[in-house]
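The values are calculated or read from the model by the stated rules, or taken from the named source; none is laboratory data. Quick caveat, the model's predicted, so the values are computed rather than measured. FYI the Cβ positions are ideal-geometry reconstructions off the backbone, even for glycines, and counts take in every protein chain you see. All accessible areas refer to the heavy atoms of the entire protein, side chains included, with ligands and DNA or RNA removed. Shrake-Rupley method; radii C 1.70, N 1.55, O 1.52, S 1.80 Å.
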Amino acid sequence: MNQYFKIALLILVISPISSFSQNKIKDKIDSLLYVEEMPYICEEYTKCGHELFWNVVKLKEKGIPFLIEKLNDSTETNAGVVLFGGNYAVADIAYVALEEIIHGIPTFELLGTKFDQEGCGYCEYWYFLRKDYQNRQNFKLAVKNWFDKNKKDLVWVSNNEFSSCDCSGKHPNEGHYEMKKK
């Protein structure tokens, strides 16, 4: 067998396996549409939020590009937004999952708005993204650009800290990524 044939055969064998794996990841990300409860205040993550959400968080770095791709999906889910009203869009759930994988994403800097706009605190996130679909598009692009620029400086930190909720107990990933300390 000549070398080119061996390489071609190897590519043909590996491609479907890689494609299958990517499809499984995409299917998990797509399942965010069916999340009915988001984590908020809980004792253990297994009793806090929908299992589909945590299955996506467990994808860690493999899920990041797919989560970023969902950041403009304004499809409404059945998961209610505690304290602020309305329901999460798929994009909002994807962003919360992303924040569980990467702690310290500068949300309001990337939104291009202030955290405490007119005294409402985090509600500015909801008002800003719900106000105009273009805001979602711009946010998605800003998050993608931030990740592309900073991914080489992300380091894994082993711990049980949660980003998105006042949960206690063992984090499903037993850690998260964050920016390297300078």
*Where Lys and Arg each count +1 and Asp and Glu each count -1, what net charge lies around Lys62 among other residues with Cβ under 12 Å from its Cβ?*
+4
*Could you give the length gained on full extension between Asp132 and Leu83, defined as 0.36 nm per residue of separation minus the Cα-Cα distance, in nm?*
15.5 nm
*P(r) for the range 36-106: what percent of alpha-carbon pairs falls in each 10 Å bin, starting at zero?*
21, 54, 25, 0
*Report the local net charge at Lys151: Lys and Arg +1, Asp and Glu -1, summed over other residues whose C-beta lies under 14 Å from its C-beta.*
+2
*Can you work out ³J(HN,Hα) from phi for every residue in the range 138-147, in order, using Karplus 6.51 cos²θ - 1.76 cosθ + 1.60 and θ = phi - 60°, giving whole Hz and x for Gly and Pro?*
5, 5, 4, 5, 5, 5, 4, 5, 4, 5
*Which far-off residues, 5 or more places away or on another chain, put their amide H under 5 Å from the one on Asn87, with H placed in the peptide plane?*
Val81
*Per residue, how much accessible area does the range 24-182 have with a 1.4 Å probe, in Å²?*
53
*According to the Kirkwood expression over distinct Cα-Cα pairs, how big is the hydrodynamic radius of the range 124-182, in Å?*
13.9
_Multiplying the sequence separation of Tyr40 and Lys149 by 0.36 nm and subtracting their Cα-Cα distance, what value in nm do you get?_
36.2 nm
*Spin-label point model (7 Å from Cα, Cβ direction): what's the Trp156 to Phe115 distance in nm?*
2.9
